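To keep things clear, I will list the structure first and then write my remarks on it.
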2 protein chains.
Amino acid sequence: MTTSLKNSAPELLYLLHGEPEDLALAARTFRAADIAEALLTLSPDLAAKVLGALPFDLAVQVFDEPELAHHRAKIIRLVKDPAASQLIEAMSADQRADLFRELPELDRPRLLKALDEETRATLKSLLRYAPDSAGGIMTTEFVSVPADWNVERVLRHISAVGQAKETVYAIYITDPASGALQHVVSLRELMVADRTIPVSQASDRRTPLTVGVSTDREEVARVISKYDILALPVVDADRRVLGIVTVDDVIDTLVREVTEDVQKFGGMEALDEPYPSIPFHRMIKKRAGWLCALFLSEMLTATAMQRFEGEISRAVVLAMFIPLVMSSGGNSGSQATSLIIRSLALREIRVADWWRIALRELPTGITLGTILGVIGFVRIELWQMLGLFDYGPHHTLLAATVGFALVGIVAFGSLAGSMLPFLLKRLGFDPASASAPFVATLVDVTGLVIYFSVAFLILRDTLLR
Amino acid sequence: MTTSLKNSAPELLYLLHGEPEDLALAARTFRAADIAEALLTLSPDLAAKVLGALPFDLAVQVFDEPELAHHRAKIIRLVKDPAASQLIEAMSADQRADLFRELPELDRPRLLKALDEETRATLKSLLRYAPDSAGGIMTTEFVSVPADWNVERVLRHISAVGQAKETVYAIYITDPASGALQHVVSLRELMVADRTIPVSQASDRRTPLTVGVSTDREEVARVISKYDILALPVVDADRRVLGIVTVDDVIDTLVREVTEDVQKFGGMEALDEPYPSIPFHRMIKKRAGWLCALFLSEMLTATAMQRFEGEISRAVVLAMFIPLVMSSGGNSGSQATSLIIRSLALREIRVADWWRIALRELPTGITLGTILGVIGFVRIELWQMLGLFDYGPHHTLLAATVGFALVGIVAFGSLAGSMLPFLLKRLGFDPASASAPFVATLVDVTGLVIYFSVAFLILRDTLLR
């Protein structure tokens, strides 16, 4: 049974108006993540009150939840001062840096001044890194020990300092002289090792996986998930460990990236905040931009149609299949795009593989187009035979036009859909950016040209004479 | 530096033809995940040879990599028999169950017989569960101790058995009499605790989070990522722990689900295997089904157009804006769909919230539609004024038709796009299934009707007389 606390927000409010001890006691049965979720639904004012009424260690855990990220800055400004700085002091270093990134310029100096020297120095160094880099998501609370300690001593060290660390399950073994990272040993390896051997002999002695501060957080997520490790050290040029990124940060990163990708893929800017709570005007802003851009480029279809005005007026029946052939191109393009975006994201393929993909998508597109072309041909002939609609004396030529146009358009859609993510990536954009609607627009315009060209070739002596 | 071994496949092959010791030695510098990745690019025959030449413990690690999942069955059939069963014995229980799920019926009895009694019993019990349930992804190698042990004894127990467990970082404390789960304690809590107290006093004593065997793996992933835990116990009706799901399984699950969702969202069946290695005919099969379904439903646009044949022949100029207005409806629908799919997946909203979303998407759609409508109106009037195209004497009415139709179509697109995921979910389907192209088709047909209805209202006394 997973405890899902839909109603913890009202419950917290109710308890807030009773005895403070009741709230503290009841809150003990809640989990930090659930309380954080409940706080999201309260006004910053009330959230600050609830936070103030919780036992301090629970309040710290709640305030440390990454879920609260976008609300933390608003809440902390309403917490009275000794409590506010105590809370910030007690947060983990990565979440604290996130909080300060969100704080308005105005509040920063006041809260910064209230912190102790060491916390302030760490915070300032973390704030130097971009929020989507390894430096920006790492935390500084890790366990590192010199290589000449023995296993027993390391275990005793962990018992002493373990409470305050983000993780104690990966221990970083450093060169006693230079402080450079030599090996990583897991707590499990230490537990099963002989207690008297030097700690460096308890590890598997392979060169540890590391990243630099500027490594993209998606790459960090990829390394952690590929190698199934609990934490990845971030090192400087001299291989000194500056911080670590833990697996739970990576899950948060993965979930966030997926949301962004799906939204971009749906043809809009990433919202960057939960859909149910984003204000109306901000949502319009995030959606209107791309919608207008797509609308403006889709205007090319009107321009293309104007060129074929003569054809349409001579054969109105041609216009009837425009939506059908256009959407088929868009659908096949959207399939190809989604395949390539995922394959690129999983590193199954590289940008340099583009021509191999092209050589694969072209026959795929032709095959799929032929299938649809045959269905389209049969549909028109069938309707004619059954007397459902009269396409005129040249119905077979019309059916052939639709059929051949579909082959060309679906093939073009697959090709364009598969190549666009490569192009976007090559140009330095995220391949997921609005790819599907973008492909649809590209394929729509080209599809019209293909359709009318095929029509001209097949019907020039009959319908289009 | 993250070691990326693009060329380890050829290197492994090269070493295979030299001294076996060279291969074994060189392989020591590789990581299991990298060797597994290299094996993916080799034929099962060669992969089996490489696996046979690796030191046994490394071979086990490589064979245990979830990345190999779809190839393991093909490889193990080509490994000679004592080696094959040794390898299977040494795998983790969850990966072993996966392997047997992939094995052809023919090979199962032979390999099953070679396993020892206990392994076989565990395997058979795991195979009873659906592969996408908690039971299907859990492993049975966890540490559990009776509540009356003290911390010191538990730590010594972990040192003794830790090597063979999937994780030693979460320890399950059970009732000494019934074996039911009482608490979970982390190794970190044990490390910092007084060694003489009972283990149950070292934990936070909250009711532990658990799931049942039939819980969906996506729900398992959600719980683990929400509560930032390293492993989640799977319990039976009497709260006895049957197995655990670890955080790295969840990452694999997340990545796989995302791939499936993106592919379904792109309008196709999930491939279930990597894009670069899927055979041509299987890819066509996965893509043609949905493409044909969408094509057949999109045929409704042709039927709708047939109804408006009269209007089009009287005012060919109306046909020119069909692709533009249709695609705008599709784009706004695709935005709304992607927002709702993600929001549902993140549990930000529930199916019961549908009406609240509808009340939100309708004004959003009207606003977005008005923005596009104004642009569309200006575009037509501008082209007319600048003499770029002659839309005839009723150009202002035509521009108004396009403008008002856009308001209606974009609003309908947003509404339909946001409601479809709810409908799919309500009907028991995955909301991500082909949603975007599905919405596009729905919006295309309705869009035509809206467009021609608006045209009829505005132009009935002029162009359409």
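The values are calculated or read from the model by the stated rules, or taken from the named source; none is laboratory data. The shown structure was predicted, so the numbers you read here are calculated from the model rather than taken from an experiment. As a convention, Cβ positions derive from the backbone with ideal geometry for all residues, glycine included, and neighbour counts pool all protein chains shown. Accessible surface is based on the protein model in full, side chains and every heavy atom, while ligands, DNA and RNA are left aside. Shrake-Rupley method; radii C 1.70, N 1.55, O 1.52, S 1.80 Å.
Structural remarks
- Filtered by the rule that a residue be open to solvent by less than 40 Å² (accessible area, probe 1.4 Å) and among the small types (Gly, Ala, Ser), the stretch A:348-359 gives a lone residue, A:Ala358.
- Checking A:Ala121 against (1) among the aliphatic types (A, V, I, L, M); (2) without any contact (Cβ under 8 Å) to a residue 12 or more places away in the chain; (3) surrounded by 18 or more Cβ atoms within 10 Å (Cβ to Cβ), the condition it does not meet: (3)
- Qualifying residue in the stretch B:154-166 (condition: within 14 Å of chain A (Cβ to nearest Cβ) and outside any helix (DSSP H, G or I)): yes
- Sole residue being out of contact with any helix residue (DSSP H, G or I) (no Cβ under 9 Å at 6 or more places or on another chain) and open to solvent by 10 Å² or more (accessible area, probe 1.4 Å), chosen from A:Gly408, A:Gly387, A:Gly392: A:Gly387
- Here B:Arg195 does not fit the description of being more than 22 Å from B:Asp249 (Cβ to Cβ) and in contact with a Phe, Trp or Tyr (Cβ under 7 Å, 6 or more places away or on another chain).
- If the condition is being surrounded by fewer than 17 Cβ atoms within 10 Å (Cβ to Cβ) and free of Cβ contacts under 8 Å to residues at least 24 places away in the same chain, then the stretch B:294-305 contributes B:Leu296, B:Thr303.
- Top-ranked residue in the stretch A:308-347 [being open to solvent by 10 Å² or more (accessible area, probe 1.4 Å) and free of Cβ contacts under 8 Å to residues at least 40 places away in the same chain; ranked as farthest from the other protein chains (Cβ to nearest Cβ)]: A:Gly310
- From A:Arg96, A:Arg108, residue being of a type in the set (D, E, K, R) and at pLDDT 90 or above: A:Arg96
- Boolean, A:Thr196 is more than 9 Å from chain B (Cβ to nearest Cβ), among the hydroxyl-bearing types (Ser, Thr, Tyr) and either surrounded by 19 or more Cβ atoms within 10 Å (Cβ to Cβ) or not in a helix (DSSP H, G or I) (or both): yes
- Among the residues of the stretch A:305-356, those identified as of a type in the set (Gly, Ala, Ser) and under 20 Å from A:Arg465 (Cα atoms) are A:Gly310, A:Ser313, A:Ala315, A:Ala319.
- The listed residues are A:Gln86, A:Gln95, and the only one of them that is of a type in the set (S, T, N, Q), in a helix (DSSP H, G or I) and open to solvent by 40 Å² or more (accessible area, probe 1.4 Å) turns out to be A:Gln86.
- Within the stretch A:226-255, the set of residues being part of a helix (DSSP H, G or I) and within 10 Å of another protein chain (Cβ to nearest Cβ) comprises A:Lys226, A:Tyr227, A:Val247, A:Asp248, A:Asp249, A:Val250, A:Ile251, A:Asp252, A:Leu254, A:Val255.
- Counted residues, the stretch B:375-384 - those being out of contact with any Gly (no Cβ under 7 Å at 6 or more places or on another chain) and open to solvent by 50 Å² or more (accessible area, probe 1.4 Å): 3
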